[in-house]
Amino acid sequence: DYIFGLCGTWERALYCLKHIARATFALKYQDILWSKGPGGNGKDSLANRVAVLLGSYFANLACEALTTCRDLDVPSQTILGLRSRRFVCVREIAKDATIRGTIYRTIADPKNKVKARGLYGKDQVFHPHYLLFACTNVPIEIDDKGGGSQRRTRVLEMPFNFVDDPKAPIEKKKNPAIE
């Protein structure tokens, strides 16, 4: 009921739950899930609920890791922190940010090997077993000439705006018990 309330239709709710279940049980699946819509529509609340469900298997990833990271072979605690996670959330992508397609595909495809290391540590190689979940209010640009990133990206429209006093058809009453 909670997911249905966010997604607005059973089709979208079941699709979202399929992705969350895949992430929970570390099933290999190459889709990257983007949730988008106006601010205050439950994207972060959904990510927070998944964080409670998965505990230490959940990780937040700064959007800069997808936009400014030069190379995955340089020491990166950020990328190393994705190892053994099931759900990786990228929140609030900047309006004019361009995501680097090579980084985007590499860290999200379970067939790839990601190499990362801490500042003075040894290289560690791992296969991504997590769902990359991005929350955005604006359209995203991906620097990918081959189109592979766009083919793997699934957009989940979050149609409602949760407010204290709903007036428009797309507005719903905010539940004060949900952070």
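Just so it is clear, none of the values below were taken in a lab; they were calculated from the coordinates. Quantities reported herein were computed from a predicted structural model and do not represent experimental measurements.
Some points to look at:
- Taking every DSSP helix (H) stretch of at least 4 residues in the chain, weighting each as -39,500 (n - 2.57) and dividing the sum by the residue count yields a mean residue ellipticity at 222 nm of -8000 deg cm²/dmol.
- Mean-square fluctuations from a GNM of the chain, with a 10 angstrom spring cutoff on Cα atoms, peak among Ala65, Ala134, Ala168 at Ala168.
- At full extension, Val125 and Asp1 could sit 40.7 nm farther apart than now, given 0.36 nm per residue minus the alpha carbon distance.
- Rounded if a/c under 1.5, otherwise prolate or oblate - segment 1-45, Cα gyration tensor axes: prolate
- Just checking the listed ones, Asn137, Asn60, Asn112: in the Gaussian network model of the chain with Cα springs under 10 Å, the one fluctuating most is Asn112.
- Exceeding the 30 Å Cα-Cα cut-off - candidates Lys28/Lys174; Lys111/Lys174; Lys18/Lys122; Lys115/Lys145; Lys113/Lys174; Lys95/Lys145: Lys28/Lys174; Lys111/Lys174; Lys18/Lys122; Lys113/Lys174
- Shape class of segment 48-120 from the Cα gyration tensor (axes a ≥ b ≥ c, square roots of the eigenvalues): oblate, since a/c reaches 1.5 or more and a/b does not exceed b/c.
- Listed residues Pro110, Pro169, Pro159, most fluctuating in the chain (Gaussian network, C-alpha, under 10 Å): Pro169
- At full extension, Leu27 and Val163 could sit 45.4 nm farther apart than now, given 0.36 nm per residue minus the alpha carbon distance.
- Hits among aspartates and glutamates - C-alpha to C-alpha of Lys172 under 19 Å, sequence gap 8 or more where chains match: Asp1, Asp44, Glu157, Asp164
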